[in-house]
Amino acid sequence: ELRLKHKTPEKLLADPACRRRVDALLREAQAVDYDGLEHSMRRLLVARPELRRRWKHVLVDEGQDTSEGQQELIGLLEPDSLFVVGDPGQSIYGFRGASLEGFLVWGKTSTILTLPTNHRSGQSIVALASTLAGELEPKGLEQDAAPGAEEGSVDRMAWPELAADIAATAAAGGSCAVLSPNWLRLENWLAPELEAVGVLHHIARPVQLIWDSQEMRGLVAGLRVVVNPHDAHSLRIFLRELGPLDFAAWAGVR
């Protein structure tokens, strides 16, 4: 609409005219963007301090990547317990205006628990990472490899024991599920161990969810428009996804 060309999304939002138009469209759609969620939440907690104790326990993950605004938001809360997980050594990425200084302030006023044993990597990798951590400012966490860890085989260590436990459960008439970061580990390492001890198993592989289908994306967008008629973005998705379809097939949908 503003005919602004050859600009990145960041530069577009930095343009005052563009920012005003975006804010106007957001208000029209009764929506907020990610940064708007943080700003709105801070304003709400300032205006209504009774809400600050609504959350009794607060967990902050990747604390080293929190921004000053996020830290201010957390500071407005008054939970019974605040648990922050983070590693100063991983602050080099600087995601979304991350402020390491604010993260370190939490460490000065809290009980610090460390996880010095690395169960994911072999000894040489852990030794190199610890050497680098010791040279950082502030220093990162220096770790030790798990006892018995061998290079390139750490992930394989527990599979025979796990298969034996599953076999014992199956022998007692039970069943169990194993969760893994990816199914290749289950297929390449756990499945052979289960076969060796005679345990029947099934590996669930990624499949397209019904919610990812064109029809469901369009239907969900249409329901959002019903709830909020000002949601122009969802209306465009609805028309784009369901427009080419044969609406006769949807005649029974109300």
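Sort out which residues of segment 193-229 are open to solvent by less than 50 Å² (accessible area, probe 1.4 Å) and within 30 Å of Ala164 (Cα to Cα), and write them in order of number. Scanning segment 193-229 gives Leu194, Val199, Ile203. Of the residues Ser99, Ser91, the single one that is within 28 Å of Ser180 (Cα to Cα) and open to solvent by less than 50 Å² (accessible area, probe 1.4 Å) is Ser91.
Here Ala31 passes the criteria (1) open to solvent by less than 60 Å² (accessible area, probe 1.4 Å); (2) in contact (Cβ under 8 Å) with a residue 60 or more places away in the chain; (3) assigned to a helix (DSSP H, G or I) except the one numbered (3).
Every test in (1) of a type in the set (Ser, Thr, Tyr); (2) under 26 Å from Glu135 (Cβ atoms); (3) open to solvent by less than 60 Å² (accessible area, probe 1.4 Å) is passed by Ser81 save one, and that test is (2).
Does segment 8-26 hold any residues that are out of contact with any helix residue (DSSP H, G or I) (no Cβ under 9 Å at 6 or more places or on another chain) and within 12 Å of Ala232 (Cβ to Cβ), and which are they? Within segment 8-26, just Ala24 meets the criteria. For segment 168-192, filtering for residues that are out of contact with any helix residue (DSSP H, G or I) (no Cβ under 8 Å at 6 or more places or on another chain) and surrounded by 10 or more Cβ atoms within 10 Å (Cβ to Cβ) leaves 11. Scanning segment 34-65 for residues that are exposed (fewer than 11 other Cβ atoms within 10 Å of the Cβ), among the charged types (D, E, K, R) and either in contact with a His (Cβ under 9 Å, 6 or more places away or on another chain) or farther than 25 Å from Glu101 by Cβ (or both) gives Arg48, Glu50, Lys56. Do we have any residue at all in segment 71-84 that's at pLDDT below 90 and either out of contact with any Ser or Thr (no Cβ under 9 Å at 6 or more places or on another chain) or not small (Gly, Ala, Ser) (or both)? No: segment 71-84 contains no residue that is at pLDDT below 90 and either out of contact with any Ser or Thr (no Cβ under 9 Å at 6 or more places or on another chain) or not small (Gly, Ala, Ser) (or both). Restricting Glu1, Glu10 to residues that are outside any helix (DSSP H, G or I), open to solvent by 80 Å² or more (accessible area, probe 1.4 Å) and acidic (Asp, Glu) narrows the list to Glu1. Within segment 205-223, restricting attention to residues that are within 22 Å of the chain's Cα centre (by Cα) and assigned to a loop (DSSP other than H, G, I, E, B), the residue that is modelled with the highest pLDDT is Arg205.
The values are calculated or read from the model by the stated rules, or taken from the named source; none is laboratory data. Source: prediction; values computed, not measured. A quick note on method: Cβ atoms are made from the backbone with ideal geometry, for glycine too, and the neighbour counts reach across all protein chains shown. To get the accessible areas, we keep the full protein, side chains included, count just its heavy atoms, and leave off ligands, DNA and RNA. Shrake-Rupley method; radii C 1.70, N 1.55, O 1.52, S 1.80 Å.
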